[in-house]
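So the structure is just underneath, and the comments pick up after that.
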Amino acid sequence: MESIDSHPLPPLPPLPQRFEFEGQTVRYAVWGQGRPLVLLHGTPFSAAVWRKLAPLLARGRQVVAYDLLGYGQSEQRAGQDVSLATQGRLFAALLRHWNLARPDVVAHDFGGATALRAALLEGCAYGSLTLIDAVALAPWGSPFARHAKAHEAAFAGMPPYIHAAILKAYIQGAAHRPLPDDVMALYTRPWMGEAGQAAFYRQAAQADQRYTDEIEHRYGEIDCPVMILWGTEDAWLPIERGRELASRFRQADFRPVPQAGHLMQEDAPEAVAAHLAEFLAAVAAGSLQYGSNLYR
């Protein structure tokens, strides 16, 4: 049988900068100059989800993206804590390292919970917050993720070709449109090999709903303009969850994105870029204040 490693994989988008967090290396990249904008990916993805959007957003802005601890090009190791509690502390530490006091933040999936925990538990302040199909309200977690969590050791020890097949099927389930082979390879690459396979099931095992249960009653405390983008075809988190999330903030601009699944950056990158451009321009102009009729 042909090995999954017999075909060369496309290079990952470069994240040349390093940050040491609790003795572990986190990789990040900075593009452009101007008002800072930070991008947070979700699970089981990496900063590669922003490869189409970052160059557009960096026109007239400073854009920063990083790989969560245990994901992408950031360090993976046995026994690693990659829970949302750790990711929230990491994000707060990165903002201090970058000396960013009130950046605009765009966060997808698990990144949404990370940004919310950093704001509510770590004292981080944002100029604005955009949440894309965010993990934020119970219940969350797919049946596969729950099963993998219950049987982490068994999944981590599977033959690589079975793991590869499961991984591809799982990631494709996040997208409404079929992912091309080279795009699928970008997302699966960090989770391949002995270390990557173990890391994939490690993060699944640590995906605990209690980390959002701790904060979801406090979303009304977020004191910046909020926009929520949600794919109408999201099979992981239905759009009703997005509407419910929007109702938890003082005011939130909720925008459904047609023909997009959970992995909106692949299904509808042009729509994401357009919504972000409009929202961030209004934020920069100071026209999005509480009580403004510009919220939808």
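Each reported figure results from applying straightforward, stated rules to the coordinates on display, with no laboratory input. Remember, predicted model here, so these are calculated numbers, not experimental data. With ideal geometry, Cβ positions are generated from the backbone for all residues, glycine too; neighbour counts draw on all protein chains shown.
How much space per residue, in cubic angstrom, does the convex hull of the C-alpha atoms of the chain take up?
119
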- So for the pair residue 232, residue 122, with labels modelled 7 Å out along Cα→Cβ, what separation do we get in nm? 3.6
- Note on the structure: Surrounding charge for residue 90, neighbours by C-beta under 13 angstrom, Lys/Arg +1, Asp/Glu -1, total -2
- Note on the structure: Amide H contacts under 5 Å for residue 231, restricted to residues at least 5 apart in sequence or on another chain and with H modeled in the peptide plane, are 133, 257
- Value of [θ]222 nm, deg cm²/dmol, for the chain, DSSP H segments ≥ 4, -39500 (n - 2.57) each, nearest 500: -11000 deg cm²/dmol
- Task: List the relative contact order of the chain as a percent without decimals, with contacts defined as Cα pairs under 8 Å and 6+ residues apart.
- Result: 18
- Query: Kirkwood Rh, the range 43-123, all Cα pairs: how many Å?
  - Reply: 13.4
- Simple spin-label estimate for residue 30 and residue 142 in nanometres, 7 Å along Cα-Cβ: 3.6
- Message: With every atom except the alpha carbons ignored, what do you get for Rg and Dmax of the range 21-162, in angstroms?
- Response: 15.7, 48
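To the nearest µm²/s, what D does Stokes-Einstein give for the range 86-158 at 20 °C and 1.002 mPa s, using the Kirkwood radius over alpha carbon pairs as Rh?
Details: Rh = 13.7 Å.
Here the translational diffusion coefficient equals 156 µm²/s.
When a footprinting reagent is the concern and you count Cβ atoms within 10 Å, what order do 275, 217 take, fewest first? Don't skip to the answer; put the middle values down first.
Details: 275 19, 217 10.
So the ranking, lowest neighbour count to highest, is 217, 275.
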- Rounded to 5, the percent of DSSP beta bridges in the chain classed as antiparallel: 30
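List the DSSP H helices in the chain whose Cα atoms stretch 20 Å or more along the helix axis and whose mean Kyte-Doolittle hydropathy is at least -1.0.
On the way: long enough: 84-98 (21 Å, 0.38); 269-284 (22 Å, 1.23).
Helices meeting the criterion: 84-98, 269-284.
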- Query: Of 59, 27, 51, which has the largest mean-square fluctuation in a 10 Å C-alpha GNM of the chain?
  - Reply: 59
- Item | Max mean-square fluctuation residue, GNM over the chain, Cα-Cα springs under 10 Å, options 158, 227, 192 | 158
